[in-house]
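Engineer: Quick one: the structure is below, questions incoming.
The values are calculated or read from the model by the stated rules, or taken from the named source; none is laboratory data. Quick caveat, the model's predicted, so the values are computed rather than measured. Cβ coordinates were reconstructed from backbone atoms using ideal geometry, including for glycine residues, and neighbour counts include every protein chain displayed. Just so you know, the surface numbers come from the protein's heavy atoms only, side chains and all, with ligands and any DNA or RNA stripped out. Shrake-Rupley method; radii C 1.70, N 1.55, O 1.52, S 1.80 Å.
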Amino acid sequence: MPLEQLRKLQSERLRSLVQRVYQQVPAYRTKLDEKGVTPADIRDIQDIHQLPFTYKTDLRDNYPFGLFAVPQNEVIRLHCSSGTTGKPIVVGYTRHDLDVFSEVVARSLAAAGGQPGMKIQNAYGYGLFTGGLGLHYGAEQLGLCVIPISGGQTDKQLMLLQDFQAEMICCTPSYALTLAETMKARGINPASLNLKYAVLGAEPWTEAIRHQIEKELNVKATNIYGLSEVIGPGVSIEAWDEQGTGSYIWEDHFFPEIVDRHTGEPLPEGEEGVLVFTTLTKEAMPVLRYWTNDITSIYYDKQGSRTHIKMAPIKGRADDMLIIRGVNLFHTQVEAVIDQFSQLTPNYQLVVSRTGSMDEVMVKVEVSEQYVTGWELTDCDEPTWNAHDQVTLTIKALSKKIKDQVGLSMRIVLEKPGSIARSEGGKLNRILDLRK
Ligand code: ADP
């Protein structure tokens, strides 16, 4: 859709949305009243900056159904996001919302390489998490044949990949690594599978992980992004033939902004900040300027095949950002450095602790199987010359690169292959923060 037409559509949809939530949702009416904004003030999509933000705490405060904008009998599905502490975040969908959900996932899968008639093995978790069912109905909408195996059961996943010959798989990138690693351990040749495309998301990942998955599963791997509060997966997607240039956001349904994480001021195209979404068409639980806490940038790609705006890969969530001795740190930054060492694997964990008033980060990272022979991995966490030379050299080199590229000194511990936790089907937590 040409941009001018898109802006008109977004403006119409925003006007109708603000009127609806003002009339139907007391919590939004209060927020708008407090800001002195009335629905009549919102005439154009540019006026969106006048609206108040919605935060995760607003969803918690209105648990479970306080932000619903339709009568309960029009809500035909509920999902929850995991919510690490306390009550989960609840989201609801009308039939129309589920149609939109399927449409954006169908568009996403098409951009990721899917074509009607292909089979897709859906290894996202089914249940309260939006991933499984979201991908499921979107894949059917596109005319794919869905194999609804859900997350986990790695050996069965591999058996079905061989027997059913799916061309696509969707799961978390960390689980794709688990699948690749298990395949290797079982001696399964990637050529015995028929996989062509992997659609990976729900957690941040780096280019090096992409290369590893592409090589080991023999696929084109693309990034799918989404969050329950906005709809679920399918808010944005990377096109399989435009890898590395960012992901298209379906901005006819989800209007994105990037704002300064401290002041909330809108930032210009290309600048990094917090991603904020307004759901232009959602009925059951629309959100106005939802503060995702995800850090990225958005920009138009003139070389791109589609007109919608793109987003860069998510660096991390603002609330997952570690502040170490005054330096901001996302685990993906350390991952990007580890990826530069062929003798290391992308299996790592950051352990954060405090001694006195000093924060310390320990990077536990596994050595690749092929390098491990002859390495003495006991007592190898200190770069002393007592340890094996290769170990010492690797520790020193990694430590130096992290210092140069991330700006922090970290303690490095090399681990034996297979010793760091793997994804068993869902998202993987890379940080152990002992200060909490
Ligand atoms: P939860 O908050 O329980 O994890 P969701 O499943 O809704 O609930 O997770 C949404 C969050 O997952 C996003 O806000 C983002 O932080 C992360 N996420 C989803 N997809 C991606 C992706 N492709 N890259 C990076 N992070 C992602």
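Engineer: Output the number of residues of the stretch 203-218 satisfying the condition of being open to solvent by 10 Å² or more (accessible area, probe 1.4 Å), touching a helix residue (DSSP H, G or I) at 6+ places or on another chain (Cβ under 9 Å) and more than 10 Å from the ligand (Cβ to nearest atom).
Structural biologist: Total satisfying the criteria: 8.
Engineer: I've got another one for you. Which condition breaks for residue 199 when tested against (1) within 13 Å of the ligand (Cβ to nearest atom); (2) in contact with a Ser or Thr (Cβ under 9 Å, 6 or more places away or on another chain); (3) over 30 Å from residue 165 (Cβ atoms)?
Structural biologist: Every condition holds for residue 199 apart from (3).
Engineer: A further question follows. If we scan the stretch 278-290, do we find a residue that is open to solvent by 10 Å² or more (accessible area, probe 1.4 Å) and in contact with an Asp or Glu (Cβ under 6 Å, 6 or more places away or on another chain)?
Structural biologist: Yes; the residues of the stretch 278-290 include at least one that is open to solvent by 10 Å² or more (accessible area, probe 1.4 Å) and in contact with an Asp or Glu (Cβ under 6 Å, 6 or more places away or on another chain).
Engineer: Test residue 79 against the stated conditions and say whether it is under 30 Å from residue 145 (Cα atoms) and either away from the ligand (no atom under 16 Å from the Cβ) or of a type in the set (D, E, K, R) (or both). Show your work before the answer.
Structural biologist: Numbers: under 30 Å from residue 145 (Cα atoms): yes; either away from the ligand (no atom under 16 Å from the Cβ) or of a type in the set (D, E, K, R) (or both): no.
So residue 79 does not fit the description; no.
Engineer: Select from the stretch 54-69 the residues that are touching a residue at least 40 places away in the same chain (Cβ under 8 Å), under 16 Å from residue 291 (Cβ atoms) and crowded, with 17+ Cβ neighbours inside 10 Å and list them in ascending order.
Structural biologist: 54, 59, 67
Engineer: From (1) in contact with a Phe, Trp or Tyr (Cβ under 7 Å, 6 or more places away or on another chain); (2) in a helix (DSSP H, G or I), pick out the condition that doesn't hold for residue 92.
Structural biologist: (2)
Engineer: Which of the residues spanning the stretch 298-315 are assigned to a loop (DSSP other than H, G, I, E, B) and more than 14 Å from the ligand (Cβ to nearest atom)?
Structural biologist: 300, 301, 302, 303, 304, 305, 306, 307, 308, 309
Engineer: Okay, next question. For residue 5, state whether it is more than 30 Å from residue 88 (Cβ to Cβ) and either in contact with a Lys or Arg (Cβ under 6 Å, 6 or more places away or on another chain) or open to solvent by 30 Å² or more (accessible area, probe 1.4 Å) (or both).
Structural biologist: yes
Engineer: Same structure again: Considering only residues that are buried (at least 17 other Cβ atoms within 10 Å of the Cβ) and out of contact with any Phe, Trp or Tyr (no Cβ under 7 Å at 6 or more places or on another chain), which ones fall in the stretch 139-158?
Structural biologist: 139, 141, 142, 144, 146, 149, 154, 157, 158
Engineer: Which of the residues that make up the stretch 393-436 are among the hydroxyl-bearing types (Ser, Thr, Tyr) and farther than 14 Å from residue 366 by Cα?
Structural biologist: 399, 409, 423
Engineer: Which one is farthest from the chain's Cα centre (by Cα) among residues in the stretch 202-218 that are outside any helix (DSSP H, G or I) and at negative phi?
Structural biologist: That would be 206.
Engineer: Just for the stretch 95-120: of the residues that are assigned to a loop (DSSP other than H, G, I, E, B) and under 25 Å from residue 1 (Cα atoms), which one is farthest from the ligand (Cβ to nearest atom)?
Structural biologist: Taking the stretch 95-120 first, the residues assigned to a loop (DSSP other than H, G, I, E, B) are 112-118.
Cutting the leftovers down to under 25 Å from residue 1 (Cα atoms) gives us 112-116.
On the way: 112: 12, 113: 16, 114: 17, 115: 22, 116: 24 Å.
Of everything passing the filter in the stretch 95-120, 116 is farthest from the ligand (Cβ to nearest atom).
Engineer: Can you find, within the stretch 159-202, the residue that is least open to solvent (accessible area, probe 1.4 Å) among those that are hydrophobic (A, V, I, L, M, F, W, C), farther than 27 Å from residue 111 by Cβ and at pLDDT 95 or above?
Structural biologist: Here the residue is 188.
Engineer: Can you tell me which residue is nearest to the ligand (Cβ to nearest atom) among those in the stretch 316-334 that are in a helix (DSSP H, G or I) and under 13 Å from residue 403 (Cα atoms)? Break it down into steps so the answer makes sense when it comes.
Structural biologist: Narrowing the stretch 316-334 to residues in a helix (DSSP H, G or I): 318-320, 331-334.
Still in the list and also under 13 Å from residue 403 (Cα atoms): 333-334.
Details: 333: 14, 334: 16 Å.
Selected residue: 333.
Engineer: Could you tell me whether any residue of the stretch 249-268 is among the hydroxyl-bearing types (Ser, Thr, Tyr) and within 15 Å of the ligand (Cβ to nearest atom)?
Structural biologist: No, the stretch 249-268 contains no residue that is among the hydroxyl-bearing types (Ser, Thr, Tyr) and within 15 Å of the ligand (Cβ to nearest atom).
Engineer: Another question, then. Every residue in the stretch 121-147 that is in a strand (DSSP E or B) and under 14 Å from residue 202 (Cβ atoms), please.
Structural biologist: 122
Engineer: Next question, about the same structure. Can you name every residue in the stretch 137-150 that is in contact (Cβ under 8 Å) with a residue 40 or more places away in the chain and under 19 Å from residue 112 (Cβ atoms)?
Structural biologist: The answer is 138, and nothing else.
Engineer: Something else: When you look at residue 264, is it open to solvent by less than 20 Å² (accessible area, probe 1.4 Å) and not in a loop (DSSP other than H, G, I, E, B), yes or no?
Structural biologist: In short, no.
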